[in-house]
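Read through the structure below, which is laid out as structure tokens, and then see the notes.
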Amino acid sequence: QKEVEQDPGPLSVPEGAIVSLNCTYSNSAFQYFMWYRQYSRKGPELLMYTYSSGNKEDGRFTAQVDKSSKYISLFIRDSQPSDSATYLCAMSANTGNQFYFGTGTSLTVIP
Amino acid sequence: DTGVSQNPRHKITKRGQNVTFRCDPISEHNRLYWYRQTLGQGPEFLTYFQNEAQLEKSRLLSDRFSAERPKGSFSTLEIQRTEQGDSAMYLCARKADGNSPLHFGNGTRLTVT
């Protein structure tokens, strides 16, 4: 079983839709959770960084962590064509030395 | 700007040749990571440095791979006797001390023909 599971999609939504992206994980030691956005032929760009359970909001993006279910989500409100990219979840344990990534979900927002 | 510069952006080489990639992070982050990413997959950990010390290496890092970080500034990743299976994006990331996230460069895309 992989440390981090993420549905690869692809996911296609109309402009303005709310997008929900999710990851599950197996290691209960994970405490720090990240979402990255990656455009084609570019490196991953950090979107959200959260600690432990709860919600964090930044503009149109909301990250949710449910440690009891080992489940994290990223919500994108009022999605735009410029949001079309691959979204990667990542997580680490308290030591912060090793980071584990999902396979990424490919998102297309149709104008 | 993520504060990580990687060169070259794309490298095409023939099987059996040696290649070297360079990563230049901003100076105040003393942790530097190398990851490999293949198409449709998330980044996979290769190795990381704290200052000039290489503290951890993945089993993915075969003896054909070597990484250095002289003087704790820039880093190089060398692949000797390249194989077609080495074709991937090689990503470098900087990280501050403590519990903080990775910040990636735009990677070097390697194609082995």
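The values are calculated or read from the model by the stated rules, or taken from the named source; none is laboratory data. Quick caveat: nothing in here was measured; it's all calculated off a predicted structure. When we count neighbours, we look across all protein chains shown, and the Cβ atoms used for this are built from the backbone with ideal geometry, even at glycine. Just so you know, the surface numbers come from the protein's heavy atoms only, side chains and all, with ligands and any DNA or RNA stripped out. Shrake-Rupley method; radii C 1.70, N 1.55, O 1.52, S 1.80 Å.
Summed over the stretch B:78-88, residues that are in a strand (DSSP E or B), surrounded by 17 or more Cβ atoms within 10 Å (Cβ to Cβ) and in contact with a Ser or Thr (Cβ under 7 Å, 6 or more places away or on another chain) total 1.
Each row is one residue, and each column tells you yes or no for (1) farther than 30 Å from B:Ala53 by Cβ; (2) among the charged types (D, E, K, R); (3) more than 9 Å from chain B (Cβ to nearest Cβ).
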{"position": "A:Ile72", "(1), (2), (3)": "yes, no, yes"}
{"position": "A:Phe75", "(1), (2), (3)": "yes, no, yes"}
{"position": "A:Gln80", "(1), (2), (3)": "yes, no, yes"}
{"position": "A:Ser84", "(1), (2), (3)": "yes, no, yes"}
{"position": "A:Ala90", "(1), (2), (3)": "no, no, no"}
{"position": "A:Asn97", "(1), (2), (3)": "no, no, no"}
{"position": "A:Gly104", "(1), (2), (3)": "yes, no, no"}
{"position": "A:Leu107", "(1), (2), (3)": "yes, no, yes"}
{"position": "A:Pro111", "(1), (2), (3)": "yes, no, yes"}
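Could you check, for the stretch A:12-31, whether at least one of its residues is touching a strand residue (DSSP E or B) at 6+ places or on another chain (Cβ under 8 Å) and within 11 Å of chain B (Cβ to nearest Cβ)? So far as the stretch A:12-31 goes, yes, one or more of its residues are touching a strand residue (DSSP E or B) at 6+ places or on another chain (Cβ under 8 Å) and within 11 Å of chain B (Cβ to nearest Cβ).
Condition check ((1) modelled with pLDDT of 95 or more; (2) open to solvent by 40 Å² or more (accessible area, probe 1.4 Å); (3) not in a loop (DSSP other than H, G, I, E, B)) across all residues:
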residue	(1), (2), (3)
A:Arg41	no, yes, no
A:Met48	yes, no, yes
A:Asn55	no, yes, yes
A:Ala63	yes, no, yes
A:Thr86	yes, yes, yes
A:Val109	yes, no, yes
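Say whether the condition of being touching a residue at least 40 places away in the same chain (Cβ under 8 Å), facing chain A (nearest Cβ under 10 Å) and part of a strand (DSSP E or B) is met by at least one residue in the stretch B:54-77.
no
With B:Asn30, B:Asn99 as the choices, which residue is touching a residue at least 60 places away in the same chain (Cβ under 8 Å), within 29 Å of A:Met48 (Cα to Cα) and surrounded by 14 or more Cβ atoms within 10 Å (Cβ to Cβ)? Only one candidate qualifies: B:Asn30.
So in the stretch A:32-54, with the set limited to residues that are of a type in the set (A, V, I, L, M) and within 8 Å of chain B (Cβ to nearest Cβ), which one is farthest from the chain's Cα centre (by Cα)?
It comes out as A:Leu46.
All conditions in (1) under 29 Å from B:Leu110 (Cα atoms); (2) among the aromatic types (Phe, Trp, Tyr); (3) away from chain B (no Cβ under 11 Å) hold for A:Phe61, with the sole exception of (1).
Yes/no matrix, rows are residues, columns are (1) touching a Phe, Trp or Tyr at 6+ places or on another chain (Cβ under 7 Å); (2) modelled with pLDDT under 95:
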position: B:Asn51; (1), (2): no, yes
position: B:Ser58; (1), (2): yes, yes
position: B:Arg64; (1), (2): no, no
position: B:Ser75; (1), (2): yes, no
position: B:Ile79; (1), (2): yes, no
position: B:Leu91; (1), (2): yes, no
position: B:Arg94; (1), (2): no, yes
position: B:Asn99; (1), (2): yes, yes
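Read through the list (1) modelled with pLDDT under 95; (2) surrounded by fewer than 13 Cβ atoms within 10 Å (Cβ to Cβ); (3) not β-branched (Val, Ile, Thr), then give the number of the only condition that A:Gly59 fails. Only one criterion in (1) modelled with pLDDT under 95; (2) surrounded by fewer than 13 Cβ atoms within 10 Å (Cβ to Cβ); (3) not β-branched (Val, Ile, Thr) is unmet by A:Gly59, namely (1).
Condition check: within 13 Å of chain A (Cβ to nearest Cβ) and among the basic types (Lys, Arg). Does B:Arg94 satisfy that? Against the criterion (within 13 Å of chain A (Cβ to nearest Cβ) and among the basic types (Lys, Arg)), B:Arg94 qualifies.
Among the residues of the stretch B:41-53, the ones that are closer than 30 Å to A:Asp7 by Cα, away from chain A (no Cβ under 11 Å) and assigned to a loop (DSSP other than H, G, I, E, B) come to 0 in all.
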